[in-house]
Amino acid sequence: MAFDANRPDLTVGVIGTGAMGRGIAQVAAAGGMQVLMTDSRPGAAQEALDFIGKMLARAAEKGGMTQDEASAAVRRIRIVGGPADMKPCHVVIEAIVENLEAKQQLYAELEGIVAPECILATNTSSLSVTTIASKLKTPQRFAGLHFFNPVPLMRLVEVIDGLQTANWVSDALMVVGKRMTREPVRLKDAPGFLVNQVGRGFTLEAAHLVYEGVSTFADVDRVMRDVGGFRMGPFELMELTGLDVTQPASELIYNQFFQEPRYRPNLIMRSRYEAGVLGRKTRRGFYEYDAEMKAIVPPEPPAPAARPESVWVSPAQSRGYAALIELLKKRGARLEIASKPSAKALTLITPIGEDATTCAVEQGLDPKRTVAVDTLFPMVKRRTIMGTPLTDPAYREAAHGLLAADGVPVTVCRDSPGFIAQRIVAMIVNIGCSIAQSRTAQPADIDKAVTLGLNYPHGPFQFGDVLGPERVYKALSAMYRIYGDPRYRPNIWLKRRAALGVSLLTPEP
Ligand code: NAI
């Protein structure tokens, strides 16, 4: 099929001009394409056009384009009466209500109107592209074109091949996406596509941690910001998005994957969703809010003045041992160097994916004096420690006081395989690997989508490479062994690259 996605007069139809449709129309017009747009609610398309006019005028004020370019872009948009007027379109993008029947009905109507070579694309965020296409007479010309909100600011667009999508269709949409000044990423249809799938690792594992009593919402957010390097903690993020969006999306992805345990939702999110405690939009979610809508975050307790008499560090994890010894030397701690701790020594361990209890028992250490320190991440902005259920509070306080003595805050969590950050990041890496293993997308494209669409400090593969594939594999294996829950089983993509000692980005020809 000779479809010329570069033709100067390319005409894009946009159906549904709400939050997403208006953004799509704006970037299409700004990218030089002709736009026809329509909405079933009277007046909605005009509202959208007025909005786009303001947005482009603001972009011109900020120097993003000239005033003339902004005006020309607005002139390229024409409001039409309905789908029946989409005949001149080369591509039609639908951004109507997220409802399968409504979308299928619209495409059935469009098929009788547009030219046979017109591409039909959906901006659905949670429905299967393959399923929407299943009622079409010509499913080959149908694909997903998934933008992110707000469209003009979020450069990522996922170009999704349904089971029956012809190659030329997605090839053309990659070009159209670029002409819209987006960063298109190509993938095969999968529940949650790329970004929403990886995002489950961040939010759901955080919810599981709190549900299990390991930590609090505020502490998980602090750790993920300071230790993981995320701009926002998982609960802060869910507050902003709203559980009315996050919870149904999570349940849908879980069920579309036939209850894959990796995506298992959690009751603490579901119960808030049921109760209408949704986040900022209801002024209460995981946090409460003051009159200025500032989250009321419980303050951190001050670092204790306590210090240990002497410290013994387990050499079981050589890298963690070296990193912790270096830190403790700087703190002037009295270090014991014998092969076993003395009778009173604070006993520090550096588990990867294990909990303090398993480590202490397996290494024959006294659980009352054992405190675990997370050394997988740099211990620069925040440190995380945890004890066994038997750890003497005096020893835990001494460890806390010592590790916080240079002013770096310390988060104390309850015993947990993989503390907080190890668990959440390992889940993100594992999900990324499962997406690559199922050939949904290329590893580099998954990383690109995640950094652009979610603003994570790294995509799953780079995260894994920075931490070390063998250590992430070790973390997941330990979590899987300790919990006996297939949720934590390491994906084979990760296992193979960890065994071979190569980057997680390594493809398989
Ligand atoms: P919205 O509610 O802001 O806008 C939907 C618009 O479609 C409304 O103006 C409505 O009047 C119109 N509409 C409904 N049924 C119609 C029909 N049969 N024909 C013509 N117009 C119709 O919704 P939003 O947020 O813009 O979402 C639209 C689509 O984009 C949905 O499929 C959604 O899942 C998807 N999406 C939404 C994202 C978001 O963050 N809001 C992100 C990515 C995708």
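The values are calculated or read from the model by the stated rules, or taken from the named source; none is laboratory data. Bear in mind the structure is a predicted one, so any value in this text is a computation, not a measurement. Counting neighbours? That spans all protein chains shown, and the Cβs are built from the backbone with ideal geometry, glycine included. Each accessible area value is taken on the protein alone, full model and side chains, heavy atoms only, with ligands, DNA and RNA left out. Shrake-Rupley method; radii C 1.70, N 1.55, O 1.52, S 1.80 Å.
Within the stretch 120-151, the set of residues being within 13 Å of the ligand (Cβ to nearest atom) and in a loop (DSSP other than H, G, I, E, B) comprises Asn123, Thr124, Ser125, Ser126, Leu127, Ser128, Phe148, Asn149, Pro150, Val151.
Rundown of residues vs (1) at pLDDT 95 or above; (2) closer than 29 Å to Ile52 by Cα; (3) in the same structural domain as Thr440 (by TED's automatic domain parsing); (4) open to solvent by 40 Å² or more (accessible area, probe 1.4 Å), yes/no style:
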| residue | (1), (2), (3), (4) |
| --- | --- |
| Val151 | yes, yes, no, no |
| Leu156 | yes, yes, no, no |
| Ile160 | yes, yes, no, no |
| Thr165 | yes, no, no, no |
| Trp168 | yes, no, no, yes |
| Asp171 | yes, yes, no, yes |
| Val175 | yes, yes, no, yes |
| Thr181 | yes, yes, no, yes |
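Listed here are the residues, each with its yes/no results for (1) at pLDDT 95 or above; (2) open to solvent by less than 70 Å² (accessible area, probe 1.4 Å).
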position	(1), (2)
Phe257	yes, yes
Ile268	yes, yes
Val277	yes, yes
Glu288	yes, no
Pro301	no, no
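Does Pro341 qualify as being under 21 Å from Ala394 (Cα atoms), touching a helix residue (DSSP H, G or I) at 6+ places or on another chain (Cβ under 8 Å) and not β-branched (Val, Ile, Thr)? So Pro341 does not fit the description; no. Of the residues in the stretch 393-414, none is crowded, with 24+ Cβ neighbours inside 10 Å and either more than 18 Å from Leu327 (Cα to Cα) or at pLDDT below 95 (or both). Among the residues of the stretch 2-44, the one identified as free of Cβ contacts under 8 Å to residues at least 40 places away in the same chain, among the hydrophobic types (A, V, I, L, M, F, W, C) and either touching a Cys at 6+ places or on another chain (Cβ under 9 Å) or assigned by TED's automatic domain parsing to the domain that holds Ala95 (or both) is Ala44. Checking the structure you have, find out if any residue of the stretch 38-47 is part of a loop (DSSP other than H, G, I, E, B), more than 14 Å from the ligand (Cβ to nearest atom) and open to solvent by less than 50 Å² (accessible area, probe 1.4 Å). Scanning the stretch 38-47 turns up no residue that is part of a loop (DSSP other than H, G, I, E, B), more than 14 Å from the ligand (Cβ to nearest atom) and open to solvent by less than 50 Å² (accessible area, probe 1.4 Å). So, Pro83, is that one touching a residue at least 40 places away in the same chain (Cβ under 8 Å), near the ligand (Cβ under 10 Å from one of its atoms), over 34 Å from the mean Cα position of the chain (by Cα) and open to solvent by 10 Å² or more (accessible area, probe 1.4 Å) or not? It is true that Pro83 is touching a residue at least 40 places away in the same chain (Cβ under 8 Å), near the ligand (Cβ under 10 Å from one of its atoms), over 34 Å from the mean Cα position of the chain (by Cα) and open to solvent by 10 Å² or more (accessible area, probe 1.4 Å).
Filtered by the rule that a residue be surrounded by fewer than 23 Cβ atoms within 10 Å (Cβ to Cβ), assigned to a loop (DSSP other than H, G, I, E, B) and not acidic (Asp, Glu), the stretch 201-227 gives Gly213, Val214, Thr216. Checking Ile113 against (1) among the β-branched types (Val, Ile, Thr); (2) buried (at least 20 other Cβ atoms within 10 Å of the Cβ); (3) within 16 Å of the ligand (Cβ to nearest atom), only one condition comes out false. Which one? Looking at each condition in turn, Ile113 falls short on (2).
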